[in-house]
1. Residues that are in contact with a helix residue (DSSP H, G or I) (Cβ under 8 Å, 6 or more places away or on another chain): list the strands (runs of 3 or more DSSP E) wholly contained in chain B that include at least 2 such residues.
2. Scan the range A:21-32 residue by residue and report those that are more than 22 Å from B:Val60 (Cα to Cα), surrounded by 14 or more Cβ atoms within 10 Å (Cβ to Cβ) and either out of contact with any Lys or Arg (no Cβ under 6 Å at 6 or more places or on another chain) or of a type in the set (S, T, N, Q) (or both).
3. May I ask you to say which residue of B:Phe74, B:Phe10 is in contact with a strand residue (DSSP E or B) (Cβ under 6 Å, 6 or more places away or on another chain), over 20 Å from A:Ala41 (Cβ atoms) and among the hydrophobic types (A, V, I, L, M, F, W, C)?
4. Filter the range A:51-65 for residues that are part of a strand (DSSP E or B) and in contact with a Phe, Trp or Tyr (Cβ under 7 Å, 6 or more places away or on another chain); which is nearest to B:Asn100 (Cα to Cα)?
5. Can you tell me which of B:Ser111, B:Ser75 is more than 8 Å from chain A (Cβ to nearest Cβ), farther than 23 Å from A:Thr103 by Cβ, open to solvent by less than 50 Å² (accessible area, probe 1.4 Å) and in contact with a Leu (Cβ under 9 Å, 6 or more places away or on another chain)?
6. With A:Pro40, A:Pro82, A:Pro44 as the choices, which residue is in contact with a strand residue (DSSP E or B) (Cβ under 9 Å, 6 or more places away or on another chain) and open to solvent by 60 Å² or more (accessible area, probe 1.4 Å)?
7. Kindly list, by first and then second residue, each pair from a residue in the range B:15-43 that is under 19 Å from A:Gln2 (Cα atoms) to a residue that is open to solvent by 40 Å² or more (accessible area, probe 1.4 Å) and outside any loop (DSSP other than H, G, I, E, B), limited to pairs with Cβ atoms under 7 Å and residues at least 6 apart or on different chains.
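The values are calculated or read from the model by the stated rules, or taken from the named source; none is laboratory data. Everything numeric in this text was worked out from a predicted model, so none of it was measured. So basically every Cβ, Gly included, is an ideal-geometry build from the backbone, and we count neighbours across all protein chains shown. Ligands, DNA and RNA are stripped out before the accessible areas are found, and what is left, the full protein with its side chains, is counted by its heavy atoms. Shrake-Rupley method; radii C 1.70, N 1.55, O 1.52, S 1.80 Å.
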Amino acid sequence: DQQVKQNSPSLSVQEGRISILNCDYTNSMFDYFLWYKKYPAEGPTFLISISSIKDKNEDGRFTVFLNKSAKHLSLHIVPSQPGDSAVYFCAASDGANNLFFGTGTRLTVIP
Amino acid sequence: NAGVTQTPKFQVLKTGQSMTLQCAQDMNHNSMYWYRQDPGMGLRLIYYSASEGTTDKGEVPNGYNVSRLNKREFSLRLESAAPSQTSVYFCASSERGPKNIQYFGAGTRLSVL
């Protein structure tokens with residue numbers, strides 16, 4: 001059973017507006033959450049992470065929010081740029097050697 | 001900086017053929033991983049190696065074998081390829097730790113006919 005879920009396969013946003021990508025997880029033992037970005041014909045690249053003891057982490061235009069009680073996290077991109085168009089994967093770490101990935105959300109930023 | 005290098009980038013096999021996917025990292029990471037990515041399935045872990053000399057099964061190990069040749073190299077072998085193994089394969093590496101930020105190669109696109 002999928003432990004990390006991204007229920008929106010795709011999202012389209014106008015340039016300059018906010019993009020919000022969502023992720024849900026089932027295992028309360030996950031202690032770190034990560035977002036990866038993937039362009040076509042490339043491997044995923046690490047974008048931003050958050051510890052389970054925090055509820056927000058910000059890095060430039062990217063902010064990740066964590067709601068532990070709801071087992072939900074989201075990635076906000078403000079302002080969205082055409083170069084942000086990619087597939088975004090949410091991942092959760094169990095503190096050992098395992099990362100559990102969601103199925104990805106394809107973001108399209110329309111100029 | 002090369003990071004994680006995978007070879008080949010593309011491969012077409014016939015059912016029953018064998019091949020080895022190569023992966024090397026130059027970041028002195030202890031842990032290495034092999035994933036496959038299929039449409040609508042995200043990234044699924046095939047095998048991982050927490051350190052040189054050790055390997056462990058992931059979520060979908062059947063039909064695959066791995067070798068951690070040294071700290072830099074981690075190979076994935078398909079002994080008898082099947083059409084169900086048509087996929088994009090990614091190798092990754094990381095330092096040990098709870099955050100487990102993994103760095104990925106560019107992938108190998110494999111088609112089994």
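1. B:108-112
2. A:Leu21, A:Asn22, A:Cys23, A:Asp31
3. None of the others qualify; the one that does is B:Phe74.
4. Step by step, filter the range A:51-65, then rank; the result is A:Ser51.
5. B:Ser75
6. A:Pro40
7. What qualifies is B:Tyr35/B:Arg44; B:Arg36/B:Arg44; B:Leu43/B:Gln37.
Residue by residue, here is whether (1) within 14 Å of another protein chain (Cβ to nearest Cβ); (2) under 26 Å from B:Ala106 (Cα atoms); (3) touching a residue at least 40 places away in the same chain (Cβ under 8 Å) holds:
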residue: A:Ser12; (1), (2), (3): no, yes, yes
residue: A:Glu15; (1), (2), (3): no, no, yes
residue: A:Asn22; (1), (2), (3): no, yes, yes
residue: A:Lys38; (1), (2), (3): yes, yes, yes
residue: A:Leu47; (1), (2), (3): yes, yes, yes
residue: A:Ile50; (1), (2), (3): yes, yes, no
residue: A:Arg61; (1), (2), (3): no, yes, no
residue: A:Ser85; (1), (2), (3): no, yes, no
residue: A:Tyr88; (1), (2), (3): yes, yes, yes
